[in-house]
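See structure below.
The values are calculated or read from the model by the stated rules, or taken from the named source; none is laboratory data. It should be emphasised that the depicted structure is a prediction, and the values quoted were computed from it without experimental measurement. Please note: Cβ atoms are built from the backbone with ideal geometry, for glycine as well, and neighbour counts cover all protein chains shown. Note: areas computed on protein heavy atoms with side chains; ligands, DNA, RNA excluded. Shrake-Rupley method; radii C 1.70, N 1.55, O 1.52, S 1.80 Å.
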Amino acid sequence: MNFKDYIRDIPDFPKPGIIFKDITPLLATPKVFKEVIDTMADKVKDSDFDTIIVPEARGFLFGSALAYKLGKKLVPVRKPGKLPYDIVEVSYSLEYGETRIQMHKDALSKGEKVLIVDDVLATGGTIKAIETLVKKLDAEVSGILCLIELSFLNPREKLSNIKVDSILIY
Ligand SMILES: O=P(O)(O)OC[C@H]1O[C@H](OP(=O)(O)OP(=O)(O)O)[C@H](O)[C@@H]1O
Ligand SMILES: Nc1ncnc2[nH]cnc12
């Protein structure tokens, strides 16, 4: 099964010059979505982590399925104004804009080992920002797992000290 057949390129979305990787065909094909989650689970089967941490919104789709499959704790990282309790926050830039993300201040314990899961690794800004949030709570990023890596944007340059696994590299 070629997962890339279920990812649609949308040119010039949301800005001219960006080729958007649309994962909705993959999500709409249960056999493929299941195999993607199974493949992601297999990639991290020997990794040492307690918790999966996921950015809103598309990260939730893959990270929650994976947390269910692996029986791991799940922590959401959200866009501003969504979390009800006390937060830690960081600002960062995306391939197509500037934003902030937030996490509950009691979401992680000191020394907790965390796997960051997302759909797309583009500039690496989102995952770098999550790393900053994890460090603010004295926890530790033990790895990064993404479905899609846009290697031409060189995200690994930002994440050089962390193990990165991607299922599909463009
Ligand atoms: O590596 P980066 O350059 O940081 O880009 C990757 C991030 O961009 C997308 O999220 P987006 O913020 O567009 O939000 P969404 O999931 O709500 O669509 C994607 O789901 C990743 O989280
Ligand atoms: N090119 C892209 N396609 C889909 N999601 C993205 N997130 C950041 N860049 C992206």
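Within segment 134-170, restricting attention to residues that are open to solvent by less than 30 Å² (accessible area, probe 1.4 Å) and in a loop (DSSP other than H, G, I, E, B), the residue that is farthest from residue 4 (Cα to Cα) is 137. For segment 55-99, the set of residues classified as of a type in the set (A, V, I, L, M), touching a helix residue (DSSP H, G or I) at 6+ places or on another chain (Cβ under 7 Å) and modelled with pLDDT of 95 or more consists of 61, 65, 66, 70, 74, 77, 88, 90, listed by residue number. Inside segment 17-51, residues that are within 15 Å of ligand 1 (Cβ to nearest atom), part of a loop (DSSP other than H, G, I, E, B) and open to solvent by 40 Å² or more (accessible area, probe 1.4 Å) make up a count of 1.
Restricting to segment 57-70, and then to whatever is open to solvent by 40 Å² or more (accessible area, probe 1.4 Å) and within 14 Å of the chain's Cα centre (by Cα), can you tell me which residue is farthest from ligand 1 (Cβ to nearest atom)? The residue in question is 64.
Just one of the numbered conditions (1) within 16 Å of ligand 2 (Cβ to nearest atom); (2) at positive phi is not true of residue 22: (2). For segment 123-133, check the following and say yes or no: at least one residue is hydroxyl-bearing (Ser, Thr, Tyr), out of contact with any helix residue (DSSP H, G or I) (no Cβ under 9 Å at 6 or more places or on another chain) and exposed (fewer than 13 other Cβ atoms within 10 Å of the Cβ). There is no residue in segment 123-133 that is hydroxyl-bearing (Ser, Thr, Tyr), out of contact with any helix residue (DSSP H, G or I) (no Cβ under 9 Å at 6 or more places or on another chain) and exposed (fewer than 13 other Cβ atoms within 10 Å of the Cβ).
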